[in-house]
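Written below as C-alpha cells is the structure these notes are about.
The values are calculated or read from the model by the stated rules, or taken from the named source; none is laboratory data. None of these values were measured; they are calculated from a predicted model. Neighbour counts run over all protein chains shown; Cβ positions are idealised from the backbone, glycine included.
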C-alpha cells in the first residue's frame, strides 16, 4: 500500500504536482529505532538474563507478530516466562505465530492480555485450555496450519517482526549452536532476519568457541544465557513393554500386506506404538521373509529408540530427522553413516526440511488416528480440545506436485487408475493403522467425525480433518487391510471400510455379501489371506521387548531418560 | 461380573485325541481361553465370565464369526475375560484353536 506522506493540505487533484516520494525503507528504520532503545541493555549482542524483561519491553511494539520458539522437543521456556510476565499496559495485542503450544506460558500470554491473536500448528497438551480461551474470546485464531504451511507463511504474510528462539550455546558474536534439536530455529530466524525483524536467542551457555555454527551471528541480534537449561521433551520414546500382541499382528500385516508388495523403501512413520511395533519386527519377521535390503531403507523420522534394532540389523540406510530424541545423542554420534550429523558429530535436525522430505521424497506414510469415518476421513479432534495437526497432514497427503517415479509410487498410481482413461501418474501410499476399538471401548470407526461438531462449536471455517479420505490409500486394523485404491465407487469404499471395522457399530453395519465380494477381489485382505499364522503374533516377535533391550541393542550407547528406566 | 453362554450346533468334530489348550493370560485388557474336547453331538459350548458388563451383543457377534470361521464341534470353551477388546478376544480364540488343532507351535 502506498504511504501518504504529503501534507493533508496539499491540493489533491493538481495535475502537475509530482507524486510524493515514497519511503521504501520503513522496516529497517523501525528496526534501528528498536535496537537503539535496547542498546543500553546490551554489551555487543550479549544481554544478562536479569534484563530480559527490560529487553523485551524495549524491543516489542503493540500488535507485533511474534514467534516464540515452541517446538515438539526444545522450548524457549525462559523467554516464554518473561514474555508472559510483561505488563500488558506496556505491551499488548501481540500476534503469536509459532508451530507448537507446548508450555502453559504459551497460553498465559493470552490470558494476561499481552497477546491476542494466534496462528499455530499443534497444541497437544494445551488443547483443552486453548479451546476454553478461544470460546472465552481471549484468543482469536487466524488458522490452524500444518508445519509446512505455517513455515511457508513466515515468508509470505505472517513474517515475524520479533523472534524469541532457543539454542544450546552462543559465542560472544552471536553465532548459535543448536545441537541435535535444531528443529524450527533455521526457518524462524531466516524469515525474521531477512525482513529486518529482530532475533533474540536464549542459550544454555555462552562460550568462546562453538562446536559448530548452526545460525550465523549476522542473523541474530541478542543472546542471553538462561538461568536454567531449556526444557526438552522426550516426545517420541515408546517403551516396547507396552506393545500388545494385536499391535504385533497389525505390524505383520503392514509388512507382508503393504511394505513387501509395494517395495516400500522411502517412508515416514507416525509416533505411536502401532508403528513402533513395525520398527521392532523388521529384524525378526521382515528378515524371515527375506526382505532385508528390499524395504525400509530410507527414512524421514525422528531418531526413535525403537529403530535401533532395525539399524543394527542392517535394514536402515539413512534417517533424516525433524528433531532429535533425548538419550539418542551418543548412539547417533556413533552411526554417522545413518544420521545427518555435523563436523562436531552431533545431529543436525531441521523440521522444515524434514517435512518437505516427508511430503515429497517419501513413498509411504503410516500412522494412527482417533477416528475414521465412512469416507476414510481421519481426525484426532475431540470435542472441547483444539489440538491442531502438526505434520501429519503434510506426511499423510498425496504430493500432487510430485513428478519423480519409484516402484511404490507407480504401483499405487496404477491401482488407482486401472480401467480408467486417465493420464498415467503415481500416488503416495497413505496408511491409517488403528485398532477398531481404542481404550475404554471407544470405537475408532464412526459415522460422523467429532471434528464436525468441534468446527461448529469453535466457529472454525472447516472441520479439522487430519487426513482426507481422498488421500488415504489403505486402512489397516486387526481385522485386515482395506485397499481403497482399488475401490471404484463410494459404496465400495464404504463397504471396504466397514469390512475392516471389526465389531464397532460401523463394522457390524456391514453388508456381509458385499464385504465377501471385496475380499474375493483382493480389496480386503485378512491375516489368513496374507498367510499370516496368528500363533506367531505375540510379543516374542519384537526384537526388543523393553527399554533395557533397546539399550542392549545399541551396545550401551542409548541412554534413556530417567522416567523410562525401570531397572 | 457377567456370565454369558453361547451354544452352536452342527460343527464338524475336532481331532479326537487333541489335548486341552490354554491361551492368553488373566490380566487387564486380556483374557484366558481354555479349549477342551467334549463329546456333545458336534455342539460347541462357550462360557464367558467377563469383568465388563453390557457387551452381550458384541460377544455374540464375535462368537458367531468365530464359529463360522472354524466350524468345529465337540468343544467346550471357557473364557475368563478382564476387559479385553473384541480384537484381543478374536486373536486369543484363533490362537487357542490353531494350537489345539496343530498340537502346539
Count of residues meeting criterion [away from chain A (no Cβ under 12 Å) and without any contact (Cβ under 8 Å) to a residue 12 or more places away in the chain] in the stretch B:50-74: 0
Residue check for residue A:348: touching a residue at least 24 places away in the same chain (Cβ under 8 Å), under 27 Å from residue A:131 (Cα atoms) and surrounded by fewer than 23 Cβ atoms within 10 Å (Cβ to Cβ): no
For the stretch B:41-56, name all the residues that are within 11 Å of residue B:4 (Cβ to Cβ) and part of a strand (DSSP E or B). B:46, B:47, B:48, B:49, B:50
For the stretch A:292-346 the number of residues that are part of a loop (DSSP other than H, G, I, E, B), under 21 Å from the mean Cα position of the chain (by Cα) and more than 22 Å from residue A:179 (Cβ to Cβ) is 1
Return the total of residues in the stretch A:1-44 being at pLDDT below 50 and either in the same structural domain as residue A:192 (by TED's automatic domain parsing) or assigned to a helix (DSSP H, G or I) (or both). 0
Whichever residue in the stretch A:429-443 is within 13 Å of residue A:370 (Cα to Cα) and within 22 Å of the chain's Cα centre (by Cα) and, among such residues, is nearest to the other protein chains (Cβ to nearest Cβ): A:434
Please determine whether any residue of the stretch B:24-41 is free of Cβ contacts under 8 Å to residues at least 24 places away in the same chain, over 29 Å from residue A:510 (Cβ atoms) and away from chain A (no Cβ under 12 Å). no
Is it true that residue A:306 is at pLDDT 95 or above and within 14 Å of another protein chain (Cβ to nearest Cβ)? no
Applying the selection to the stretch B:75-105, what residues are surrounded by fewer than 21 Cβ atoms within 10 Å (Cβ to Cβ) and either away from chain A (no Cβ under 12 Å) or in a loop (DSSP other than H, G, I, E, B) (or both)? B:76, B:78, B:80, B:82, B:83, B:103, B:104, B:105
Residue that is nearest to residue B:101 (Cα to Cα), among those in the stretch A:516-536 that are surrounded by 20 or more Cβ atoms within 10 Å (Cβ to Cβ) and free of Cβ contacts under 8 Å to residues at least 60 places away in the same chain: A:524
Candidate set: the stretch A:525-550, residues that are at pLDDT 95 or above and part of a helix (DSSP H, G or I); chosen: the one farthest from the other protein chains (Cβ to nearest Cβ): A:550
Please determine whether any residue of the stretch A:410-419 is within 14 Å of chain B (Cβ to nearest Cβ) and either within 30 Å of residue A:128 (Cα to Cα) or not in a loop (DSSP other than H, G, I, E, B) (or both). no
Scan A:426, A:509, A:522, A:469 and give me the residue that is within 14 Å of chain B (Cβ to nearest Cβ) and at pLDDT 95 or above. A:509
Subset tally (residues that are within 14 Å of chain B (Cβ to nearest Cβ) and either under 18 Å from residue A:414 (Cα atoms) or in contact with a helix residue (DSSP H, G or I) (Cβ under 7 Å, 6 or more places away or on another chain) (or both)) for the stretch A:478-498: 2
Give the number of residues within the stretch A:469-486 that are over 22 Å from residue A:435 (Cβ atoms) and assigned to a loop (DSSP other than H, G, I, E, B). 1
Can you spot a residue in the stretch B:24-35 that is loosely packed, with under 14 Cβ neighbours inside 10 Å and touching a strand residue (DSSP E or B) at 6+ places or on another chain (Cβ under 7 Å)? yes
In the stretch A:449-462, is there at least one residue being within 14 Å of chain B (Cβ to nearest Cβ), under 25 Å from the mean Cα position of the chain (by Cα), surrounded by 19 or more Cβ atoms within 10 Å (Cβ to Cβ) and in a loop (DSSP other than H, G, I, E, B)? no
Specify which of the listed residues (A:243, A:198, A:255) is touching a helix residue (DSSP H, G or I) at 6+ places or on another chain (Cβ under 6 Å), within 14 Å of chain B (Cβ to nearest Cβ) and touching a residue at least 24 places away in the same chain (Cβ under 8 Å). A:243
Considering only the stretch A:384-395, I want to know if a residue exists there that is in a loop (DSSP other than H, G, I, E, B), at pLDDT 95 or above and in contact with a helix residue (DSSP H, G or I) (Cβ under 6 Å, 6 or more places away or on another chain). no
